[in-house]
1. Looking for whichever is among the small types (Gly, Ala, Ser) and surrounded by 17 or more Cβ atoms within 10 Å (Cβ to Cβ) here; the options are Ala521, Ala435, Ala474. Which one fits?
2. Suppose we filter segment 133-157 for residues that are buried (at least 24 other Cβ atoms within 10 Å of the Cβ) and within 17 Å of the chain's Cα centre (by Cα); how many remain?
3. Take the residues of segment 83-107 that are without any contact (Cβ under 8 Å) to a residue 60 or more places away in the chain and under 24 Å from Ala187 (Cα atoms): which is least open to solvent (accessible area, probe 1.4 Å)?
4. Sort through Val629, Val639 and tell me the only one that's farther than 24 Å from Asn496 by Cα, at pLDDT below 70 and β-branched (Val, Ile, Thr).
5. Condition test on Ile429, is it within 30 Å of Ser539 (Cβ to Cβ), in a strand (DSSP E or B), among the β-branched types (Val, Ile, Thr) and open to solvent by less than 50 Å² (accessible area, probe 1.4 Å)?
6. What is the residue count in segment 521-561 for residues that are polar (S, T, N, Q), over 25 Å from Ala592 (Cα atoms) and out of contact with any Pro (no Cβ under 7 Å at 6 or more places or on another chain)?
7. Considering only segment 261-340, give the strands (runs of 3 or more DSSP E) lying wholly within it that have at least 1 residues that are within 16 Å of Asn80 (Cα to Cα).
Amino acid sequence: MSLCILKRWYEMPILRRLLEFKMYRKKLHSYNTTHTTFRHRWIKNLPIFSSRFRPIHSDATQTPKDAVDLSKFPVERIRNFSIIAHIDHGKITLADRLLEITGAISTTAKNKQVLDKLQVERERGITVKAQTASLFYNHQGQQYLLNLIDTPGHVDFSYEVSRSISACQGVLLIVDANQGIQAQTVANFYLAFESQLTIIPVINKIDLKNVDPERVEKQIEKVFDIPCEECIRISAKLGTNVERVLQEVVSRIPPPTASRDEPFKALVFDSNFDHYRGVVANIAVCGGHVRKGDMIVSAYLGKSYDVNELGLLRPDEYPTDGLYAGQVGYIVAGMKRMYPMDQSDYISLRSAIDRLTLNDSSVTVQRDSSLALGAGWRIGFLGLLHMEVFNQRLEQEYNASVIVTEPTVPYKAILSSAKLIKHHGSEEITIVNPAQFPDRSVVSEYLEPMVMGTILAPDTYTGRIMTLCLNRRAIQQNMVYIDDHRVMMKYLFPLNEIVVDFYDLLKSMSSGYASFDYENAGYQPANLVKMDILLNGQSVEELTTIVHKERAYIVGKALCECLKDSIPRQMFDIAVQAAIGSKVLARETIKAYKKNVLAKCYGGDITRKMKLLKRQAEGKKKMRLIGKVEVPKDAFINVLKRKD
C-alpha cells in the first residue's frame, strides 16, 4: 500500500521537476514496511514543503513570510550609491564586506566575488556587469535602506558605470593604496562629477606592506581637489574600518529627490532575460509607487504591461509587495518575446545575440552577409576585451560558436557627387563596412573617429610610451606629474590605432604599471585609403581594410606575412598581395607542393628531363587558373594578432 502511495506522489507533475532521485533512492531502498513512521517523515522532507525550492510553474511571486514592509522607509532614510574604481582596486571585495556587515549574506570564508554572478567574471577575476544589492543598516537608532550598485573597472565597460550612476546620488571612489590613481580612476571620477554626485574617496589595501596612503591622499587632493581629510582608509580584505564607510554613506550622500505623492515613474538602468518570466528590469523609482498587479506603460514604446513580480535584490531576488519612491529593485511585467524553435545555427545565434544585447545595451548589432562566411552580424563593441567577453558569454551561456573577423571603426565621407548625395539622401555618410568605402573621385573629404586618451604611468617608462603613441599617429595634448614618480599624459588618438592591441602593448612595455582610458573626441579629416588583400589576383572582401595612407605599407606587409603563415599550401603557388587600387604595396608567395618528376629518370638525354619539367609547369599553370584558394577561418583570427 505504501509503495503505491509513493508512486502516485512521483507521478505528480510538480514533483517530477523537483525530485532528485539520487537523494531519495537510498531512503526508498532501505524502507521497511514495519516502520510506518518513516513514510511520513520522508514525505515531510520533500522539497515541495520547503520554502527554498519552488516549482517552475508555481506562483513564483509570493512574498516571503519575513518580508520587510518597504512602505515604512521614507525617502529620507534611503541612500543609493555605486562603487567605482580602476580595475583590481578592490571594489568587489569591499562589496562582499558591506553585504556581510549588513547581514545580507552570512560571514564565511567562502564569500568571494558574491556579486560577480557570471561564469566569465569568476574565470577572469573581473567585473563585467553592474550588480545591485539592497542593504538594511541601523545607524543612530534609525534603520536605513542602502541600495548598492557594484560596477566594472575596465575601460571597455565604462558604459555600465555611466548607466549605473544614473540611479544613484553618490559614489564610493576606491583607490589602491599601493598603485594610487589610475586612468580609469580619473575617468570614473569625472563621470560622477559631471552627474553632480557626492564622491567619497576610499583608500583600500592599507594592510599591504610598503604602502603609502599619505601619497595617495595627496594625489587625490591634487588631481580631484578633494581634501585629504575626506578620504577613508580601509582594508576590504580584513574588514578594517569598513563600518565607517557605511556611516559616511548615510551622513554624506543625500537621499533621492523623489516623492510618493507623484504618479509612478521609474528609470530602467539594467535588464536581463529570463527564459520563463521574460525581461527582468532593474529600476530606480523616481516617483510614486508600484505594486503587484498594477498596469504600467513604457514611455518609449507606449506599450502596457501588468506587473507580475517585483522586489529587492539582496543580492538574490527578494519579492516584496511594492516598490516606493527613491527605492531600487527589480520588476517583472511579462515583457517576453517568443523565438522560433528552429535548430539551425543561424536562428539559435540570432536568439542568443538578441538576449545578450538586452543585458548589454552598449553593443550595437547590424545584420550583414559575407560570401566566405555566410550570413552574420556586424557588432560594435567598446574594446577588444569587451568583444572577447561577449564572445565568451555567447559560448558559455548560449552554447553558440562564432567566428570573429578583423574589427573596424566607423568612418565618414563627405560626398561630392550629386548623384550619390541624392542616392544616400545626405552629403555625409557613415561607413562601417570597408567593402563599401567610396572612391576618392566622388569624395571631397574623409573623416576618421578620434579619442582623447589618458595614460598614467611611472616616469621611468615615459620615453617608451611616447614612442608607442607617436607610432600610432597620436598628438600629445598635455603631460603633468601627479606626484614625484607618476606622470599623466593626454594624447589625441585615431580610434583605429588603439582599438586592437594598443592596451596590451602599453601594459607589456611598462611592466604592467601603466593604465589607459579614452573618451570620444569627434571626427577629424584624414588621408584614408582602402586596402584590398588579393589571393592570386582575387580580392578577399572579408580582409579589406581602411588605413591611413602613411601606414598603408606597414599594415599591408604585416597582413601578407600573417596570411602566408595561416593559409595552407596548395598544389600551385599562391600570391598574397596588399593593394590600393591597381598599385601593389606588398607581396608574399605561398610555395606549392612539388612532385619530383625526375625521380624515374636515370640518365638519358637532357631533353627528356626538360620535357617532363615543362609538362609539370603547364599543369601547375592550369591549376592556378582554375584553382580556388579557401581562406581558413583561423586566418581571420590571426590577422587580429598584429605586431608593432
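1. Ala474
2. 7
3. Among those residues, the one meeting the criterion is Ala95.
4. Every option except Val629 fails the conditions.
5. Yes.
6. 2
7. In segment 261-340, the matching strands (runs of 3 or more DSSP E) lie at 265-274, 278-287, 309-313, 322-324, 328-332.
To keep it simple, each residue is scored yes or no on (1) modelled with pLDDT of 90 or more; (2) open to solvent by less than 40 Å² (accessible area, probe 1.4 Å); (3) within 25 Å of the chain's Cα centre (by Cα).
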| site | (1), (2), (3) |
| --- | --- |
| Val529 | yes, yes, no |
| Ile533 | no, yes, no |
| Gly537 | no, no, no |
| Glu542 | no, yes, yes |
| Tyr553 | yes, no, no |
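The values are calculated or read from the model by the stated rules, or taken from the named source; none is laboratory data. Because the structure is a prediction, the values reported are computed rather than measured. Neighbour counts run over all protein chains shown; Cβ positions are idealised from the backbone, glycine included. What goes into the accessible areas is simple: the full protein's heavy atoms, side chains included, and nothing from ligands, DNA or RNA. Shrake-Rupley method; radii C 1.70, N 1.55, O 1.52, S 1.80 Å.
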